[in-house]
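**Student:** My questions will all concern the structure given below.
The values are calculated or read from the model by the stated rules, or taken from the named source; none is laboratory data. All values derive from a computational prediction rather than experimental measurement. Cβ atoms come from the backbone with ideal geometry, glycine included; neighbour counts cover every protein chain shown. Heads up: the accessible areas ignore ligands, DNA and RNA and are worked out on the full protein's heavy atoms, side chains in. Shrake-Rupley method; radii C 1.70, N 1.55, O 1.52, S 1.80 Å.
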Amino acid sequence: MTTLKIGDKAPGFSVNNQAGNLVSLNDFKGKKLVLFFYPKASTPGCTAEACNLNDNYERFQSKGYEILGVSADSEKRQTNFKNKYEFSYDLLADIDLEVIKAYGVWGLKKFMGKEYEGIHRTTFVIDENGKIEQIIGKVKTKDHTSQLLLEE
């Protein structure tokens, strides 16, 4: 799947968020960023994951983290998803798969015996200097926060 490793420089990007505003990795310099890739807005697993992160948003903020969700959904779908669940963070509408492919999370998937191309649910934690600090490939959608914020 992803060829990125912990310690690698995170691939830069500039993609529109749900509101059509350009969001770049550079916007997060000096902050830690939880960059989570999910297959499709408003589906059960993606909703559970996004809501779990949002429910703990203040905990992330208190530890210096920003959160950004990425999928190949349109700005309109991302807006509907964000508004429906009142997410405190932005969702990127990566319809051209620019960020998704740069992070190596696009590939062959299997579902009910069928093979298709899609997004592998993966989360990257990027440190203040733009380096990858953590990669989670086996995301627990209902309890993703505990995988990211290990209690001291």
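**Student:** Probe radius 1.4 Å, ligands and nucleic acids ignored: give me the carbon and sulfur share of the accessible area of the chain as a rounded percent.
**Tutor:** 50 percent
**Student:** Now, a different point. I'd like to check one number: the per residue accessible area of the chain, probe 1.4 Å, reported in Å² as a whole number.
**Tutor:** Per residue, the chain has an accessible area of 52 Å².
**Student:** Right, something else. Going by a ≥ b ≥ c, the root eigenvalues of the Cα gyration tensor, does region 1-73 fall in the rounded group (a/c under 1.5), the prolate group (a/b larger than b/c) or the oblate group?
**Tutor:** Rounded shape, in that the Cα axes give a/c under 1.5.
**Student:** At Lys63 and Lys114, where each label point lies 7 Å from the Cα along Cα→Cβ, what is the point-to-point distance in nanometres?
**Tutor:** So the label points at Lys63 and Lys114 sit 3.8 nm apart.
**Student:** Set the Förster distance to 41 Å, then compute FRET efficiency between Lys101 and Leu150 from the Cβ-Cβ distance, nearest 0.05.
**Tutor:** Working from the Cβ atoms, E equals 0.90.
**Student:** GNM on the chain, C-alpha springs below 10 Å: top fluctuator among Gly118, Gly45, Gly30?
**Tutor:** Maximum among the listed residues: Gly30.
**Student:** Further question: Per residue, what volume in Å³ does the convex hull of the Cα atoms of region 62-105 enclose?
**Tutor:** Spread over its residues, the Cα hull of region 62-105 gives 77 Å³ apiece.
**Student:** Now, a different point. Can you tell me the length gained on complete extension of the stretch Thr43 to Lys29, counting 0.36 nm per residue apart and subtracting the Cα distance?
**Tutor:** Difference between extended and current length: 1.9 nm.
**Student:** Follow-up question, since we're still on this one. Taking all protein chains together and a probe of 1.4 Å, list Glu66, Glu117 from the most accessible to the least accessible.
**Tutor:** Glu117, Glu66
**Student:** Please give me the summed charge of the neighbours of Leu108: other residues whose Cβ is under 12 Å from its Cβ, Lys and Arg +1, Asp and Glu -1. Don't skip to the end; give the middle numbers.
**Tutor:** Values: positive: Lys109, Lys110, Lys114; negative: Glu115, Glu117.
Around Leu108, the surrounding residues sum to +1.
**Student:** Heads up, I need the accessible area for Lys140: 1.4 angstrom probe, whole protein in place, Å², nearest 10.
**Tutor:** Per-residue accessible area (Lys140): approximately 120 Å².
**Student:** Let me ask something else about it. Starting from the alpha-carbon convex hull of the chain, give the projected area averaged over all orientations, in nm².
**Tutor:** Details: hull surface 34.2 nm².
With the hull built on Cα positions only, its mean projection is 8.6 nm².
**Student:** Tell me, how many Å apart are the Cα centres for region 37-100 and for region 104-139?
**Tutor:** 14 Å
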